[in-house]
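First up is the structure itself, then whatever we jot down about it.
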Amino acid sequence: MLSGRNTQALDDLTRALIDQSPNQKIEFLSGEISDPVFCKELIDRCIERLGSLDILINNAGISMRGIFNDTDLTVLKRVMDVNFWGSVYCTKFALPYLLAKKGSVIGISSVAGFKGLPARTGYSASKFALQGFLESLRIENRHTGLHVLIACPGYTASNIRKSALNAAGIAQGETPLNEDRLMSAEEVARQIWLAYDKKSIYAILTLQGKMAVWINKLSPKIADWLTFKVIRKEPQSPF
């Protein structure tokens, strides 16, 4: 069961998957993940059409870039609504079915959920919140058989930077990074699947990400300095 806002992209993906696996039943439902009514409809449709639910992947996400002092509050609310509340809504409605199957909840977080990133206050806040929610959920379900995985890709070649909101809440429309040098979405998916298969509880997918988390634990001040240095070097950096 696939979901997203772009109906045409979902239809194209569904057709491509059916061509690859003609015997599989694949459904999609387009809508707004920050709407709890849509999230309930999505889970209900999944059970109605497919019969059960074994894995929930909370992958919807939006980013932002702007110094907090200059950023409209609606930008932070939009990012939280999608990145945090969308995951909470879907998990809430899916949980009874996942518990029945001793299934898995996978949350796509970020190294920004371990270390706050300058000019991405809303994005980091949403990922910190997501990780806190998923950690709590995991501990609550130590004895129910539910598996919870927090996956933290590094920079990934995708549209997330093009659709990232600027301080005024407008999609910036371009990426500040060389997308060809980033990890592909396919490789990210493969590594997350391997982590799921091992029933890992965390998956930090890049060496840079692992080093960032490790340095932040040892010396947050040094991590602050390094983080600012990296962000400041980005093209069109606000610093």
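Summary of computed values
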{"quantity": "Amide hydrogen neighbours beyond the local backbone of E27, cut-off 5 Å, H modeled", "calculated": "L2"}
{"quantity": "Highest-MSF residue in the chain out of A151, A164, A16 [GNM, Cα springs under 10 Å]", "calculated": "A16"}
{"quantity": "Karplus-derived HN-Hα couplings along the stretch 48-62 (A = 6.51, B = -1.76, C = 1.60, θ = phi - 60°), whole Hz, x at Gly and Pro", "calculated": "5, 8, 10, x, 7, 9, 9, 9, 10, 10, 8, 10, 4, x, 9"}
{"quantity": "Net dipole in debye of the chain [+1 Lys, Arg Cβ; -1 Asp, Glu Cβ; about Cα centre; nearest 20]", "calculated": "860 debye"}
{"quantity": "Model label zone, L207; criterion: amide N under 11 Å from point 7 Å along Cα-to-beta-carbon; scope the stretch 107-133", "calculated": "none"}
{"quantity": "Within the chain, helix-based [θ] at 222 nm, where runs of 4 or more DSSP H residues each add -39,500 (n - 2.57), nearest 500", "calculated": "-15000 deg cm²/dmol"}
{"quantity": "Cα-based radius of gyration of the chain once divided by 2.2 N^0.38 Å, which approximates compact folds", "calculated": "1.03"}
{"quantity": "Rounded to whole Hz, the Karplus (6.51, -1.76, 1.60) HN-Hα couplings of the stretch 207-220, x for glycine and proline", "calculated": "4, 4, x, 5, 5, 4, 5, 5, 5, 5, 5, 6, 8, x"}
{"quantity": "H147 long-range amide H proximity, modeled H, under 5 Å", "calculated": "G103, S104, V105"}
{"quantity": "Chain lengthening between S52 and R15 when straightened (0.36 nm per residue, less Cα-Cα)", "calculated": "11.1 nm"}
{"quantity": "Proxy reagent accessibility, fewest Cβ within 10 Å first, across V188, V111", "calculated": "V188, V111"}
{"quantity": "Placed amide H near I204: partners under 5 Å, 5+ positions off or other chain", "calculated": "C152"}
{"quantity": "The chain: most fluctuating residue of P220, P22, P96 per GNM, C-alpha cutoff 10 Å", "calculated": "P22"}
{"quantity": "DSSP loop trypsin sites (Lys or Arg not before Pro) with at most 10 other Cβ within 10 Å: longest gap in the chain", "calculated": "26-141"}
{"quantity": "Karplus (6.51, -1.76, 1.60) ³J(HN,Hα), θ = phi - 60°, over the stretch 101-117, in Hz, Gly and Pro reported as x", "calculated": "9, 6, x, 10, 10, 10, x, 8, 9, 6, 4, 5, x, 9, 9, x, 9"}
{"quantity": "Gain upon complete extension [S104, I222; 0.36 nm per residue less C-alpha separation]", "calculated": "38.9 nm"}
{"quantity": "Label-point separation, E187 to E32 (7 Å along Cα→Cβ), nm", "calculated": "3.6 nm"}
{"quantity": "Considering only the chain, percent of DSSP beta bridges that pair antiparallel, nearest 5", "calculated": "5 percent"}
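Any read-out appearing in this document is the output of simple, stated calculations on the displayed coordinates, not a laboratory observation. Everything quoted here is computed from the prediction, not taken from an experiment. Neighbour counts are summed over all protein chains in view; Cβ atoms, including those assigned to glycine, are modelled from backbone coordinates with ideal geometry.
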